[in-house]
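**Q** Structure incoming, see below.
The values are calculated or read from the model by the stated rules, or taken from the named source; none is laboratory data. Please read all numbers here as calculations on a predicted model, not as lab measurements. Backbone-built Cβ (ideal geometry, glycine too); neighbour counts: all protein chains shown.
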Amino acid sequence: MGGLKINKTKIVCGGIIILFFTLDRFFKFLIVKKYFQESVPIIKNILTFESHINTNVAFSIPLQGKWLEAGISIILLGLLYYLLWLAQKKYYHYFFALLILILGAASNLYDRFLTGGVIDYIHIKYITVLNLADVMIVSGILILFYFLVSRKY
C-alpha cells in the first residue's frame with residue numbers, strides 16, 4: 001500500500017494545526033453572531049478578548065479593497081500548488097509549516113469576504129489586536145525560515 005505514510009508526529013502536527021484553525025473560526029463566529037459585544041478580560045486589563053475589524057493589511061498598512069482580496073487569493077492558490085508539490089516530494093517539515101501559514105491566511109481572507117476586514121479579537125494592551133490566524137501566519141513564516149536556514153528537509 002503506497003502513498004502517504006502516516007505516523008504519530010504527522011497526526012499530532014496536523015491535529016494542532018486544525019485545532020488552531022478551528023478555534024480561530026469559532027472565536028470569529030462568536031463575534032460575527034454578536035455573542036461578545038463587550039471586552040472580556042483574560043489577564044486583568046493587559047490581555048482582553050474584544051472585537052475589532054481591521055480593513056487594512058498587516059500592521060494596519062492602509063491597503064484594502066477587491067484588488068487586495070484578489071491578490072491574496074492568487075498568492076494562496078500558488079501556495080496551495082506549492083504545498084501539494086511539497087507533499088509529493090515528502091518535504092513534510094516545509095509542508096506543515098506552509099500549511100499553518102496557508103490556513104491562517106485563508107481564515108483572514110474569508111473574514112475579508114464576509115465582513116470587509118479581518119476580525120481581530122486578542123487585544124494586548126499598548127501593543128496590538130490580533131487573532132489566532134495571525135499567530136498561525138507568523139508561526140508558519142518563522143518555522144519556514146528556521147528550516148531554510150538550518151537546511152532541514
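**Q** Name every residue in the stretch 76-116 that is in contact (Cβ under 8 Å) with a residue 40 or more places away in the chain and either at positive phi or in contact with a His (Cβ under 6 Å, 6 or more places away or on another chain) (or both), in order of residue number.
**A** G116
**Q** Of all residues in the stretch 125-141, which are among the hydrophobic types (A, V, I, L, M, F, W, C) and surrounded by 13 or more Cβ atoms within 10 Å (Cβ to Cβ)?
**A** V129, L130, L132, A133, V135, M136, I137, V138, I141 - these are the residues of the stretch 125-141 that are among the hydrophobic types (A, V, I, L, M, F, W, C) and surrounded by 13 or more Cβ atoms within 10 Å (Cβ to Cβ).
**Q** Could you grab me the full set of residues in the stretch 23-41 that are within 13 Å of I122 (Cβ to Cβ) and in contact (Cβ under 8 Å) with a residue 12 or more places away in the chain?
**A** Matches in the stretch 23-41: L23, D24, F27, K28, I31, F36, S39.
**Q** Which one of the conditions (1) out of contact with any helix residue (DSSP H, G or I) (no Cβ under 8 Å at 6 or more places or on another chain); (2) more than 16 Å from I53 (Cα to Cα) does I124 fail to meet, given that it meets all the rest?
**A** (2)
**Q** Restricting to the stretch 66-113, count the residues that are buried (at least 16 other Cβ atoms within 10 Å of the Cβ) and either outside any helix (DSSP H, G or I) or in contact with a strand residue (DSSP E or B) (Cβ under 8 Å, 6 or more places away or on another chain) (or both).
**A** Within the stretch 66-113, residues that are buried (at least 16 other Cβ atoms within 10 Å of the Cβ) and either outside any helix (DSSP H, G or I) or in contact with a strand residue (DSSP E or B) (Cβ under 8 Å, 6 or more places away or on another chain) (or both) number 4.
**Q** Then there's this: Of the numbered conditions (1) exposed (fewer than 13 other Cβ atoms within 10 Å of the Cβ); (2) modelled with pLDDT under 90, V149 fails exactly one; give the number of that condition.
**A** Of everything listed in (1) exposed (fewer than 13 other Cβ atoms within 10 Å of the Cβ); (2) modelled with pLDDT under 90, V149 misses just condition (2).
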